[in-house]
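A quick write-up on the structure given underneath.
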Amino acid sequence: MGSCPAAAGAGGGRAGCGCGPAPVTVPGVQGGTLWPCWSWDGERELWSGKYKTTGHGSLIVTNLQGRIAFVSEPVTGNKHDMAKLKGSAVEEILKKAGGVFGDKGFIGTDYITTPIRKPECRELLQWEHEWNNQVSSFRAPVERAVATLKTWRILFTDYRRPLKTFMSSFRAAIGLYFFKESFA
């Protein structure tokens with residue numbers, strides 16, 4: 001694994017830099033997000049039913065303090081978080097990290113601790129509510145990290161340039177984020 005100059009001191013690798021997944025030596029917190037773009041003719045796979053808009057989705061890995069360790073390569077917006085996870089660098093990182101927290105989109109994995117889904121036949125029990133509150137408190141840093149990342153205008157506004165240039169623009173923005181973090 002090579003070194004990532006854009007992520008020096010940030011504890012992570014940037015998407016697509018070729019340095020490979022960043023090691024997460026503390027419990028990881030994982031979340032997904034959508035990077036919006038215009039609705040391009042003939043690009044139906046960009047539609048995200050969850051967010052009710054078009055874009056590309058990524059998974060973000062942070063530590064418990066909310067410091068971003070890794071941002072996955074974006075995939076089309078129609079992919080569910082579990083589909084983004086399977087066979088990805090994020091899956092490898094999270095399996096090695098242990099003690100990982102995720103949202104209900106990751107129920108069914110044996111290495112991500114998730115909240116308990118409400119059964120159709122009853123309300124959640126008191127201990128289940130308390131469990132969900134604990135998981136949510138551990139997940140709060142990833143939500144703050146995603147919000148921080150989305151303050152970058154290029155990432156939260158609809159991408160309007162030619163679609164074939166999205167990946168290079170995304171990689172540049174994430175690289176700049178890690179570069180900025182290396183001086184924080």
Filter pass, residue 96 being in contact with a Lys or Arg (Cβ under 9 Å, 6 or more places away or on another chain) and surrounded by fewer than 16 Cβ atoms within 10 Å (Cβ to Cβ): no
First in segment 33-49 and over 18 Å from residue 150 (Cα atoms), second anywhere and part of a helix (DSSP H, G or I) and modelled with pLDDT under 80, Cβ under 9 Å, 6 or more apart: 40/163; 43/163; 46/163
Filter result for the condition that a residue is at pLDDT 90 or above, among the acidic types (Asp, Glu) and surrounded by 12 or more Cβ atoms within 10 Å (Cβ to Cβ), over 181, 120, 143, 128: 128
Residue within segment 146-168 that is touching a Lys or Arg at 6+ places or on another chain (Cβ under 7 Å), surrounded by 14 or more Cβ atoms within 10 Å (Cβ to Cβ) and at pLDDT 85 or above present: no
Cβ-Cβ under 8 Å pairs, at least 6 apart or on other chains, segment 79-94 side touching a residue at least 12 places away in the same chain (Cβ under 8 Å) and assigned to a helix (DSSP H, G or I), far side among the hydroxyl-bearing types (Ser, Thr, Tyr) and crowded, with 16+ Cβ neighbours inside 10 Å: 82/109; 84/58; 84/72; 85/109; 89/72; 90/72
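The values are calculated or read from the model by the stated rules, or taken from the named source; none is laboratory data. No experiment lies behind these values; they were computed from the predicted model shown. Positions of Cβ are backbone-derived with ideal geometry, glycine not excepted, and every protein chain shown enters the neighbour counts.
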